[in-house]
C-alpha cells in the first residue's frame, strides 16, 4: 500500500513476514520530505520490526523500529551520508545515527519516553 508519493508499506515491512508494516505518519512525512529535497531515491533497509525479529537480529531491546518510529536508510558512501544527514536536519527527524552501513532516522515526541529517558 502506498504511504506517500515515494514510499510503500512493503518497504517498511518487518523482514520476518509477521505483517507489521505500518510506520508512524511522522516518519513517513520526514522521509518523504528528505527524499523530495534530495530529488533522489532512498532505500529503506529496515523499517518496522516485531519483538521477535528485533531480538533475532540483535536490535536494541527498546528499539524505535518496534513502534514504527525508525527506519534505517542505505547510504553507500560518505558523500551520500553527509547529504542525507544535512537534509534530515529540520525535516522532522529527531534522532540520527550514522553507521558504516548507512543511517538510522527516528521521529516522534514519545522517543524519550520509549527509551526510558
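A few notes on this one:
- Failed item, numbered, when residue 14 is tested on (1) in contact with a helix residue (DSSP H, G or I) (Cβ under 6 Å, 6 or more places away or on another chain); (2) closer than 16 Å to residue 84 by Cα; (3) not in a helix (DSSP H, G or I): (2)
- Every residue from segment 93-109 that is closer than 12 Å to residue 70 by Cα and touching a residue at least 12 places away in the same chain (Cβ under 8 Å): 93, 94, 95, 103, 104, 105, 106, 107, 108
- Any hit, segment 53-62, residues being modelled with pLDDT of 90 or more and within 11 Å of the chain's Cα centre (by Cα): no
- The set of residues in segment 65-86 that are surrounded by 17 or more Cβ atoms within 10 Å (Cβ to Cβ), in contact (Cβ under 8 Å) with a residue 24 or more places away in the chain, out of contact with any strand residue (DSSP E or B) (no Cβ under 8 Å at 6 or more places or on another chain) and assigned to a helix (DSSP H, G or I) contains only 67.
The values are calculated or read from the model by the stated rules, or taken from the named source; none is laboratory data. Everything numeric in this text was worked out from a predicted model, so none of it was measured. Neighbour counts are summed over all protein chains in view; Cβ atoms, including those assigned to glycine, are modelled from backbone coordinates with ideal geometry.
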